[in-house]
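Below is one structure, written out as structure tokens, with a few remarks after it.
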Amino acid sequence: QVQLVESGGGLVQAGGSLRLSCAASGRTLSSYVMGWFRQAPGKEREFVAAINWTGRRTYHADSVKGRFTISRDDAKNTVYLQMNSLKPEDTAIYYCAADRTVVLDTRVNEYDYWGQGTQVTVSS
């Protein structure tokens, strides 16, 4: 069993930056694909970014490519999402998730463990 806890969310002006963290306990994250998702009010949960277990392969949604970067530090059992040039449409609850398979996946249903989420609000 893996427990995930997100932190780092908050209120920021458009154009600003935030770094989200996802700390894991229960098991080491080193063998998991890790992902970030987000859900805005009234919308479905959507994929943001994923990173494979070595950290050498990443995939970002087109909507955040060039602005967000996923990374991992297995020594700290933590995954990060650096978010730059934030826009009001990035406002959402951001969730960290862990996938026991080795394939980078964008589908919500493929992830096995989820955190409780952290709110990100971008004002215009």
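The magnitude of the dipole of the chain, with charges of +1 and -1 set on the Cβ of Lys/Arg and Asp/Glu and taken from the Cα centre, is near 220 debye.
At a probe radius of 1.4 angstrom, the accessible area of the chain per residue rounds to 52 square angstrom. For segment 2-68 versus segment 79-118, the spacing of their alpha-carbon centroids is 4 Å.
Among the GluC sites (Glu not before Pro) in segment 24-124, those placed in a DSSP loop whose Cβ has at most 16 other Cβ atoms within 10 Å are E44. Surface composition of segment 2-71: carbon and sulfur make up 47 percent of the accessible area, probe 1.4 Å. Between A40 and D62, the simple spin-label model (points 7 angstrom out along Cα→Cβ) gives 1.6 nm.
Which loop-located trypsin sites (Lys or Arg not before Pro) does segment 7-76 contain, where loop means any DSSP state but H, G, I, E or B and the Cβ has at most 15 other Cβ atoms within 10 Å?
Counting only loop positions with at most 15 other Cβ atoms within 10 Å, the trypsin sites (Lys or Arg not before Pro) in segment 7-76 are R27, K43, R56, R57, K65, R67, K76.
Any chance you could run the full-extension gain for T101 through K76? It's 0.36 nm times the residue separation minus the Cα-Cα distance, nm to one decimal.
6.9 nm
The values are calculated or read from the model by the stated rules, or taken from the named source; none is laboratory data. Values in this document were obtained by computation on a predicted structure and should not be read as measured data. Virtual Cβ from ideal backbone geometry, glycine too; neighbours counted across all protein chains shown. Just the protein is used for accessible areas: all its heavy atoms, side chains included, with ligands, DNA and RNA removed. Shrake-Rupley method; radii C 1.70, N 1.55, O 1.52, S 1.80 Å.
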